1. Where in the stretch 93-120 is the amide nitrogen less than 20 Å from a point lying 7 Å along the Cα-to-Cβ axis of SER137?
2. So for each of 301-307, 15-21 I average, over its residues, the number of other beta carbons within 10 Å; can you give me the resulting order with the highest mean first?
3. Can you tell me the dipole magnitude for the chain around its Cα centre, using point charges on the Cβ only (Lys, Arg +1; Asp, Glu -1), in Debye to the nearest 20?
4. What does the charge dipole of the stretch 192-355 about its Cα centre add up to, to the nearest 20 debye, if the Cβ of each Lys and Arg holds +1 and the Cβ of each Asp and Glu holds -1?
5. So for the stretch 192-355: antiparallel DSSP bridges make up what percent, rounded to the nearest 5?
6. What Kirkwood radius, in Å to one decimal, follows from the Cα pairs of the stretch 1-111?
7. Give, in whole angstrom and from largest to smallest, the semi-axes √(5λ) of the equivalent ellipsoid of the stretch 203-282, with λ running over the eigenvalues of the Cα gyration tensor.
8. With a 10 Å radius around each residue's Cβ, average the other Cβ atoms per peptide and rank 61-71, 205-215, highest first.
Amino acid sequence: MKQQAHFLSQKRNFLLVKVSSLGDILHNLPIVWDIRQLHPDAKVDWVVEDAYVDLLTPLQSTNSFKGIDRVIPIGLRRWKKNILNTKHWKELNQFIHVLQQDRYDTIIDFQGLIKSALIAKLAHRAQSGRITGLANSTQYSGYEPLARIFYSDLVAVPSQCHAIDRSRYIVSSALGIAPITRVSIPQFYQEPFMQELASQNLKPEIAQELKVPYVLCFHSTARSAKQWDIHSWIAVGKFLIQRGLHPVFPWGNPQEKQISQQIIEGIGGGGGILPPSYSIKQYFEIISHAQLTIGVDTGLTHLAAVLGRPTIEIYCDSPLWKTEGYWSNQVINLGDIGQPPSIMSVLNGIECLISS
């Protein structure tokens, strides 16, 4: 007991490795506060793909609170597109230099991939420093067994495990404590940040593009099997218009834009809205002012749930247990793997959330 108390009282340097993707990073946010609860004065750094830095910026330490001390961007996705580009090699060298500026007592790879394990291994460890990572795969999540050779400590987790619970199993082991359970409600972004988002007026140009009151309909995702069918989205769009709400169909690439246009054409009457392409940073503001968010199992839908906004998460070809928003009664989870929700169940969910 004395040894454990000494361990918990030490000021330690932590490095968290979770580089992608959008939803995975969001579901890893509670780890920062889990660490802070036991090590309020620790140094906590996080390696993340540069495209997702804006997800972590609100957690960076300030005079009023301690969150993430340093966000360390990496451009793996950009670099892979042109590995012969000398600029990319210079960026990689600079990344390694930054990664090795501090000595870390505890390095945790939450991803379980060779690329993330290599990042953990490249970091500058203290003499007694440890690298903790996954011992096994979980269903429907990426995992590369070879990553284990880079870890000092392996953590076995249940094969069916929510993304947040999985990360909490790993961090609990790294901290030397009993597994953190759902009795401890996960914290994502601090309440003052969310209150500030809600209190700020929507930028006039965005308000004009989206037409208040609006509902965000995230129909697209990286894997087409996770999409809900177009006719269902058309039915939802018509229903929202009947309720005096403006359905917005965001997109991120030309193919997704085309689907948005097909849905809007199906709705007819000029009711649906095709917005411009927005950044992740802009979506914080846009989601916080939406009347409702409806979306498939994709990052921006999870952002709405994490922000505690009224959200309907639609599952078509991914398991509900893996990423469902269980922390708020403002989040309704519908469908399951191989069991897309009915149109009626989504319409009932809309009625429930807009009337509450």
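1. 109-118
2. Details: 301-307: 26.4, 15-21: 23.6.
Peptide ranking by packing, descending: 301-307, 15-21.
3. On the way: 33 positive and 29 negative charges, 201 e Å.
The dipole magnitude comes to about 960 debye.
4. Numbers: 10 positive and 13 negative charges, 32 e Å.
So the dipole magnitude of the stretch 192-355 works out to roughly 160 debye.
5. Numbers: 1 of 18 bridges.
Taking every DSSP beta bridge within the stretch 192-355, about 5 percent pair in antiparallel fashion.
6. Working: mean 1/r = 0.0661 Å⁻¹.
Hydrodynamic radius (Kirkwood, Cα only) of the stretch 1-111 equals 15.1 Å.
7. Working: eigenvalues 69, 59, 20 Å².
For the stretch 203-282, the ellipsoid semi-axes come out as 19, 17, 10 Å.
8. Numbers: 61-71: 14.7, 205-215: 16.5.
Highest to lowest by the protection proxy: 205-215, 61-71.
None of the figures in this text is laboratory data; all of them are computed from the coordinates on show. Since this is a predicted model, take the numbers as computed values, not measurements. Please note: Cβ atoms are built from the backbone with ideal geometry, for glycine as well, and neighbour counts cover all protein chains shown.
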